[in-house]
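What follows is one structure encoded as structure tokens, with my remarks underneath.
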Amino acid sequence: METNTPESRRLALDSYVFDGAYDEMFAAPHEVRPHYAQVLDIFSTLSQEELQRRRASVDMAFLNQGITFTVYGQEEGLERIFPYDLVPRIVTASEWAVIEAGLTQRITALNLFLHDVYNDQKILTDGIIPREVVFSCKHYRRQMRGLQVPRNIYIGIAGTDLIRMPDGTFAVLEDNLRVPSGVSYMLTNRRLMKRISPQMFLQHGVRPIEHYTQALLAALRSLAPEGRPEPTIVLLTPGVFNSAYFEHAYLARQMGIELVEGRDLVVHDNVVYMRTTSGLRRVDVIYRRIDDDFIDPMVFRSGSILGAAGLFNAYRAGNVTLTNAFGTGVADDKAVYAFVPKIIRYYLNEDPILQNVETFLMTDKKQRQHVLENLDQMVVKAVGESGGYGMLIGPQSSKKERAEFRERIEADPRNYIAQPTIMLSRAPCLIGERLEGRHVDLRPYILFGDKVTIVPGALTRVALRRGSLVVNSSQGGGSKDTWVLNH
Amino acid sequence: MLSRVADSLFWMSTYLERAEHTARLLDVNLGLMLDENEAVAERRWFRVLAALGYVPSLMWKNDAYDLAQRLSFDMENRSSIYACLVAARENARQVREQISTEQWQRLNQLFHQATRMERRPHTAMQQSDFLASVIEGIHLFQGVTDSTMSHGEGWQFIRLGRYLERGAATARLLKVYYEDFWSGSKVERSLFQADSVVDSNEYLECIGLLRSCTAFEAWFRVYSTDISYEQILDFLLLDEEFPHAIRYSVDSVEAALREIAAKAPGRIADPMLRAAGSLRASLQFADIDELLKTNIADFLQRVLDQCRGVHDLTYQLYIHYSVQTALAN
């Protein structure tokens, strides 16, 4: 390709920065990957006015649909939208095939692991994972020992964070097995993209994702307690002040199920009811979007008003299903993460299809030593945290921050793990009037009911600050529509 | 339907109706004010404040635009237009999955539009634009509600909230006008006789009352340009076809409750339906000539009390019932 075409000048591609990460669109400067060629062509033909018009139209749509998060501590009206980039992220059919097979394998193994840990504990007896690693997990729930869940399925819904390594392969960064969020953005991003840029979809072979909510409903249905052929399914939300409330409402609406809060639920004789205008109505399956700790003030956090008193006993009695089950957090603990390749081999006798990121356990003296000596090249994470909080990114940290983390690690080694700093892959984003590279991850959503279903799509999160590797929305992240191609 | 959801839909609708009513009263009276002297103005604003349920002497500071500003935007005052819009939107947000996307978008647009206005000082012109845009936004919301939402139980709770609020607001307004104009001196009393025609100043007040209920055009379809108090009263109180008349509002309340009761067969709705039916009958079988012989203020107060009674019974039955009674059924 010529380097001085008007198109490349207009989008300022000449100054596009390559920094050692894998680039999603360009194999080399001005050498566009074939599956992105058509999109780049279209962008090159659009005038700046048209691009800005589309951006304004998307922002307005987000605002008017109330797809916003609230800036806390301010008065009414200070709501921000989750930034949305106009350039889609594209995954080819062959790349997706690997991701799909790898995620299916991984969730199957992790689910077997949960069943084992809460029942026979063979994997501990066989010494594959040290007992203390499992029992010291913040999210290990001894109340779950010996409790049977429908179909032995603990993880009904997962949202796994994948990153693309510099060599182009995908690796798992985090398994989110508790209450993963973001799927509404995957669905909304697609709907908006179709509205503002319909011509981009023509002859592109983008696989549809609109059936996600039906697949979710089917999965929830299949997990109903036995003897409840027409189960009543509800979605339990912490309420309107939760930052993911938009998503809870969106999913409930799409599935046509009730969106309930703890105060709508009543437990009587170990049966869960909701208060309706027609009186009390029995509830069979609860898709819960609140953490374990808040589910039942009688069993867990006593001050919580988000759950319902007696809910856990009803669950124990088998009268109601909670999805995800209690205690799934033991399988996405960041220290247990390091053992997932072993877990896959142990239960399935297969090699992992998707690799882990190399992880150092701070409880291991040698590994800790190595990490402390190389803190400026490491990413350190607190095991129980999520959302990008409690992290140290070595190369971007100050001396003072490193000293602080060194102290914290030495004081409580079980609470931290470290990973080498990985350059997440880079995708072009429309920043102002030019295309600039920003780092991205990929979060596909996995459903596990009577079978594993992965809708061919994902949430691509973007670290919008130049050079940043943190994609979380609370830390200045945005998102992109993500296309999985059928070829 | 979840009791909490019914509660939120009811209040969303109530707050919007309240915002619209306040906006219209302000809009109409700011307009009329241009035609008259100060003494009349004060009396007029006292009436507006009383009709909105305030203690007039506490609110009135000799400046109509300042008053309009406070009734529009003061967040300390939970009944200001902006506070009502915020509350309506909060209620809608809590039942986001129950209302249609179009409804939510309309309400959101209205809210963001009002927020932009709220954040900057404005002229009398902009104040009047604001009031007009609130009224228009709420009308659009109601249109979208009727055309995009299933007319099921949730819609009936919205209808219930709207018409209970509207019926009560109109009753309060009529009561204030009655007490201020028609129950006073003998001279004014005489105006009250059948077929009496009013002078130009009073004509303006009557137009104001009709406009406050969006009844100006509808009234002239039924009556002539000669305005008499009794005809206005007859129309705003007892007309069964005009949507801002008390009779129409009360009919709608009863109809909504009947639909709700039919959809919730597990609950014993008789006392509630009886209360609504009795309220409806008191208007349906009323005769304006008979009413004029009695104290209309008392009659209107009874309507207000009955509206409250219907509200309380509805809440006991569907929203705040005890678990014990529900398990016993």
For this session: Summarise the partner chain shielding of B:104-110 as one whole number: the mean count of Cβ atoms from other chains within 10 Å of each residue's Cβ.
Result: 3
Problem set entry | Estimated 222 nm signal from helices in chain B, with DSSP H stretches of n ≥ 4 weighted -39500 (n - 2.57), rounded to 500 | -23500 deg cm²/dmol
Seminar exercise, completed: Rounded to the nearest 10 degrees, the helix A:93-117 long axis (Cα) sits at an angle to the longest Cα principal axis of chain A of 20
Seminar exercise, completed: Between the modelled labels at B:Ser224 and B:Thr148 (7 Å from Cα along Cα→Cβ) the distance in nm is 4.7
Exercise. What residues does segment B:114-128 have that are buried by at least 40 Å² of accessible area in the full protein assembly compared to the chain on its own, 1.4 angstrom probe?
Worked result: B:Arg119
Problem set entry | Size of the A/B contact, given as accessible area buried on both chains, probe 1.4 Å, in Å² | 3000
Exercise. On the accessible surface of the protein assembly as shown, probed at 1.4 Å, how many percent belong to carbon and sulfur atoms?
Worked result: 50
Problem set entry | Overall form of chain B per C-alpha gyration tensor (a/c, 1.5; a/b vs b/c) | oblate
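For segment B:91-143, run through the trypsin sites (Lys or Arg not before Pro) and keep only the ones in DSSP coil with at most 16 other Cβ atoms within 10 Å of their Cβ.
Counting only loop positions with at most 16 other Cβ atoms within 10 Å, the trypsin sites (Lys or Arg not before Pro) in segment B:91-143 are B:Arg119.
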For this session: Per DSSP H run of at least 4 residues, take -39500 (n - 2.57); add these up for chain A, divide by its residues and hand me the 222 nm value, nearest 500 deg cm²/dmol.
Result: -8500 deg cm²/dmol
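Run through the DSSP bridge list for chain A and note the antiparallel percent, rounded to the nearest 5.
70
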Exercise. Is segment A:394-487 best put as rounded, prolate or oblate by its Cα gyration tensor, with a ≥ b ≥ c the root eigenvalues, rounded for a/c under 1.5, and otherwise prolate when a/b is larger than b/c, oblate when not?
Worked result: oblate
Problem set entry | Nearest-10 value in Å² for the accessible area of A:Tyr337, using the 1.4 Å probe | 10
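Quick check on my link table: of B:Lys61/B:Lys175; A:Lys365/A:Lys400; A:Lys138/A:Lys480, which ones sit more than 26 Å apart, alpha carbon to alpha carbon?
Exceeds cut-off: A:Lys138/A:Lys480.
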Seminar exercise, completed: Ordering B:Ser212, A:Ser15 by the accessible surface of their heavy atoms, 1.4 Å probe, largest first, yields A:Ser15, B:Ser212
For this session: Apply 1/(1 + (r/R0)^6) to the Cβ-Cβ distance of A:Thr421 and A:Glu31, taking R0 = 25 Å, and write down the FRET efficiency to the nearest 0.05.
Result: 0.40
Exercise. Is segment A:180-255 best put as rounded, prolate or oblate by its Cα gyration tensor, with a ≥ b ≥ c the root eigenvalues, rounded for a/c under 1.5, and otherwise prolate when a/b is larger than b/c, oblate when not?
Worked result: oblate
For this session: Taking 7 Å along the Cα-to-C-beta vector as the label spot, tell me the A:Arg55-B:Val40 distance in nanometres, rounded to one decimal.
Result: 5.6
Problem set entry | Two-decimal Rg to Rh for segment B:153-329 - Kirkwood Rh, Cα set | 1.06
Exercise. For segment A:292-341, which trypsin sites (Lys or Arg not before Pro) are both in a DSSP coil and crowded by at most 16 other Cβ atoms within 10 Å?
Worked result: A:Arg301
For this session: Could I have the simple spin-label model distance between A:Arg414 and A:Ala12, label points 7 Å from Cα toward Cβ, reported in nm to one decimal?
Result: 5.0
For this session: Using a 1.4 angstrom probe on the protein heavy atoms only, line up A:Glu358, B:Glu230 by accessible area, largest first.
Result: A:Glu358, B:Glu230
For this session: Hey, can you find the accessible area per residue of segment B:1-149 for me, probe 1.4 Å, expressed in square angstrom?
Result: 37
For this session: Place +1 on the Cβ of every Lys and Arg and -1 on the Cβ of every Asp and Glu in the protein assembly as shown, take the dipole about the Cα centre, and give the residue among A:Pro83, B:Ser228, B:Thr145 whose Cα lies farthest towards its positive end.
Result: A:Pro83
For this session: Provide, as a two-decimal number, the C-alpha radius of gyration of segment B:1-149 over 2.2 N^0.38 Å, N being how many residues it has.
Result: 1.10
Seminar exercise, completed: As a percent rounded to 5, the proportion of antiparallel DSSP bridges among beta bridges in the protein assembly as shown is 75
For this session: Using a Förster distance of 45 angstrom, determine the FRET efficiency expected from the C-beta separation of B:Glu90 and B:Asp305, and round it to 0.05.
Result: 0.95
For this session: Please give the solvent-accessible surface of A:Phe113 in Å², to the nearest 10, using a probe radius of 1.4 Å with every protein chain present.
Result: 0
Problem set entry | Positive-end residue of B:Ala264, B:Tyr248, B:Val310, charge dipole of segment B:153-329 with Cβ unit charges | B:Ala264
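Rounded to the nearest 0.05, what FRET efficiency do A:Lys399 and B:Arg119 give with R0 = 56 Å and r taken as the Cβ-Cβ distance? Could you check? Let's see the in-between values first.
Details: r = 43 Å, r/R0 = 0.77.
It comes out at approximately 0.85.
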Seminar exercise, completed: Here, chymotrypsin sites (Phe, Trp or Tyr not before Pro) of segment B:225-329 satisfying both criteria (DSSP loop; at most 11 other Cβ within 10 Å) are B:Phe285
Seminar exercise, completed: For the protein assembly as shown, inverting the pair-averaged 1/r of distinct alpha-carbon atoms gives a Kirkwood value in Å of 30.4
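If you restrict to DSSP beta bridges whose two residues both lie in segment A:258-333, what percentage is antiparallel, to the nearest 5?
Taking every DSSP beta bridge within segment A:258-333, about 75 percent pair in antiparallel fashion.
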Problem set entry | Residue-level accessible surface for B:Trp60, protein heavy atoms, 1.4 Å, Å² | 40
For this session: Round to the nearest 10 and give me the degree value, 0 to 90, for the angle of helix A:399-411's Cα axis relative to the longest principal axis of chain A.
Result: 20
For this session: Quick one: net charge around B:Pro243, please, counting Lys, Arg +1 and Asp, Glu -1 for every other residue with C-beta under 14 Å from its C-beta.
Result: -3
Seminar exercise, completed: In short, segment A:268-286 residues buried by 50 Å² or more of accessible area relative to the isolated chain (1.4 Å probe) are A:Arg275, A:Thr277, A:Ser278, A:Leu280
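Just to make sure I understand: if all protein chains stay in place, what is the order of B:His311, A:His439 by accessible area at 1.4 Å, largest first?
Sorted by accessible area, descending: B:His311, A:His439.
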For this session: Note down the relative contact order for segment B:1-149 as a percent, whole number, built from C-alpha pairs under 8 angstrom at least six residues apart.
Result: 32
For this session: Could you state the angle between the C-alpha long axis of helix A:183-196 and the longest principal axis of the C-alpha atoms of chain A, as a value from 0 to 90 degrees rounded to the nearest 10?
Result: 30
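The values are calculated or read from the model by the stated rules, or taken from the named source; none is laboratory data. Just so you know, these numbers come straight off a predicted model, no measurement behind them. Here Cβ is always computed from backbone atoms with ideal geometry, including for glycine, and neighbour counts include all displayed protein chains. The area values use the complete protein model at the heavy-atom level, side chains included, leaving out ligands, DNA and RNA. Shrake-Rupley method; radii C 1.70, N 1.55, O 1.52, S 1.80 Å.
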